[in-house]
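Single-structure report; data block below.
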Amino acid sequence: SNLVTPDYSNPCINCNYPKCNKYINIYINSIPYKVKSNSSIYEVLINNNIPFRSYCGGNKRCGKCLVTIKDNHTLIQVQACKTICSEGLEIFTSNETAMIVEKGYTGPIHQNTFTDESDSYGITFDVGTSTIAGALYELNTGRQVKIETEKNEQLIYGADVISRIQYSVTNPEGLDNLNSIIIKQLNIMIASLCDDLNKLSKIIIVGNPTMISIINKIDLKSLSEYPFVSKVNETIYVEAKKIGLITNALVTFIYGVSAFVGSDVVAGVIASKMYELKDYQLLVDIGTNGEIVLACNDAIYSCSTAAGPAFEGGNISCGVPSITGAINKVTLNNNEVTYETINNAPPIGFCGSGIIDLIASLLDNKEINSYGTFINKDYKELDFNNNVFTFTQQDIREFQLAKSAIKTGIELLLKKANINSTMLEKVYISGGFGSNINIVNAIKLGLFPIDLQDKIIPIGNSALYGATLYLLSSKHREIYAKLQNKFIALDLNNEPEFTDLFIKNINF
């Protein structure tokens, strides 16, 4: 079979035997690859770590994993998960645009209480499902030296934690692949943030339980089935090199609360000072999951709602993440369209804030009714300077499911604390989505109770700021320790009123 260079780990890989039916030759972005026959394009791209857009993790649901192939000298778009590779296939993937990641914080500011006198550095990471933010600090002054943000490269395995968990438990090498891609990305960010790794002594990492488990290579099976148990609800201390990081620093993973409420939410509670006041305040973090916390100085109630990726453009036919060209603001006045895109680039689709504006405009113009149903036809075609997008009835349904999950979670937490929305002092919305949405439109669509309109305050990346407080201040590390037993996790699956409230909150 004319082996050129024997490779005994895979003796087929350099074989050019023309009648072999085990491997075929294809081209990806003009580079030759030898791949297993009967592989889907999705599997090939995943196995070779080639970036492409995949919201549902190859489960044939989202229709977003589009790539270009050459068919009889014609370029056509196909879904990677539904297309099987053939001999000589030419595949072209689009260059993924960098996501816009929220890195600023605009919530309550804590007094400087720096206690580390060593001449060294520390790094904080907020590892989200879609994005990662990291910042470097001088420990003796508390000065932020540098901050970087990136999209989470695990997005090729699916847009939400459920897709990542499913990939991990259904593939023998799933956890290894997820772990290696995130460790590699963290190492690149560490090297970029800190020029002198010998002076890096501390790393603090916060994130949802799935991300923290993956970084520590902890089996995700307990997160995949009822009763959904997290193995990272205690603070973890580990030497960086033991988990594959390129430094001798001590890594601290702050504790989480439940299977889907993690240390990023805990850090947000600390950042927003919710634990200090007698009056109740609400913290809502809307992403691929919706985490909600209701807190005062006596108790901290929390829950997670399966909002899905609709708020980040997933499951929406013309939806995209917060990337250059995403339509993030739009108003329809009959046939007139006013809109803005991220970085003022040509429009490529709607991100979460644009989706809210669009649906609110359809409601105002009486093109849909309060049930979310189109009145005259079952779609809306929109022309943005000759870029035509079609918004469908199913798109509205996907948004309604996501927004109902958030509002229902809020109402059940209020009921648990035996209060109503008028008794809330403030409502903090953390993350990039909260910083960009039109609050009036969000309330019009029923994402939040109408009583909260004048109480909502976007605060940006509260998770990264809360992690920074842990890094720089022994006082705040004590606060973290004291609050751990105050968190009360509410499992919405066990709430008898959940289904009725969820159905009621679907309407606008």
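The values are calculated or read from the model by the stated rules, or taken from the named source; none is laboratory data. Source: prediction; values computed, not measured. Ideal geometry is used to build each Cβ from the backbone, glycine not excepted, and the neighbour counts take in all protein chains shown. These area figures cover heavy atoms from the full protein model, side chains too; ligands, DNA and RNA do not enter into them. Shrake-Rupley method; radii C 1.70, N 1.55, O 1.52, S 1.80 Å.
The table for this structure:
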| read-out | value |
| --- | --- |
| Residue-span extension gain [Arg61 to Leu75] - 0.36 nm each, minus C-alpha spacing | 2.7 nm |
| Computed FRET value (nearest 0.05) for Asn198 with Asn385, which takes r as the C-beta separation and R₀ as 56 Å | 0.60 |
| Candidate lysines - alpha carbon under 17 Å from Lys504, same-chain residues fewer than 8 apart omitted | Lys403, Lys407, Lys415, Lys444 |
| Where labels lie 7 Å past Cα in the beta-carbon direction, separation of Asn507 and Asp176 in nm | 5.4 nm |
| The chain - charge dipole about Cα centre, Lys and Arg +1 at Cβ, Asp and Glu -1, debye rounded to 20 | 660 debye |
| Per-pair calculated FRET efficiency, R0 = 56 Å: Asp119 and Tyr226 via Cβ, rounded to 0.05 | 0.65 |
| Ile437, Ile100, ranked by accessible area, largest first (probe 1.4 Å) | Ile100, Ile437 |
| Span-rule helices in the chain, defined as complete DSSP H runs reaching 20 Å or more along the axis (Cα) with Kyte mean at least 0.5 | 174-193 |
| Set of lysines with alpha-carbon distance to Lys217 below 16 Å, sequence-local pairs under 8 removed | Lys184, Lys231, Lys241, Lys242 |
| Tyr121, Tyr55, ranked by accessible area, largest first (probe 1.4 Å) | Tyr121, Tyr55 |
| Solvent-accessible area of Glu495 with every protein chain in place, 1.4 Å probe, in Å² to the nearest 10 | 50 Å² |
| Theoretical gain in end-to-end length, Glu87 to Val169 [0.36 nm per residue, Cα-Cα removed] | 26.4 nm |
| Accessible-area ranking of Tyr157, Tyr167, Tyr339, largest first, probe 1.4 Å | Tyr339, Tyr167, Tyr157 |
| Asn297-Ile147 FRET efficiency (beta carbon distance; Förster radius 41 Å; 0.05 resolution) | 0.85 |
| Order by protection proxy (mean Cβ within 10 Å, highest first), peptides 191-198, 498-505 | 498-505, 191-198 |
| Selection from Asn507, Ala417, Thr392 lying farthest towards where the dipole of the range 371-508 points positive, charges on Cβ | Ala417 |
| Within the chain, helix-based [θ] at 222 nm, where runs of 4 or more DSSP H residues each add -39,500 (n - 2.57), nearest 500 | -8000 deg cm²/dmol |
| Cut-off 14 Å between beta-carbons: net charge of the residues surrounding Ala463, Lys and Arg +1, Asp and Glu -1 | -4 |
| Antiparallel bridge percentage (DSSP; both residues within the chain; nearest 5) | 70 percent |
| Residue-count net charge about Phe433 - beta-carbon cut-off 9 Å; Lys, Arg +1, Asp, Glu -1 | -3 |
| Relative contact order of the range 123-168, defined on C-alpha pairs under 8 angstrom at six or more residues apart (%) | 32 percent |
| Computed magnitude of the charge dipole of the range 147-254 (debye, nearest 20; Cβ of K, R +1, Cβ of D, E -1) | 180 debye |
| Reach of Lys380 by Cα under 18 Å, taken over aspartates and glutamates that are not fewer than 8 positions away in the same chain | Glu336, Asp357, Asp364, Glu367, Asp395, Glu398 |
| Environment charge at Ser86 (Cβ cut-off 12 Å; Lys +1, Arg +1, Asp -1, Glu -1) | -2 |
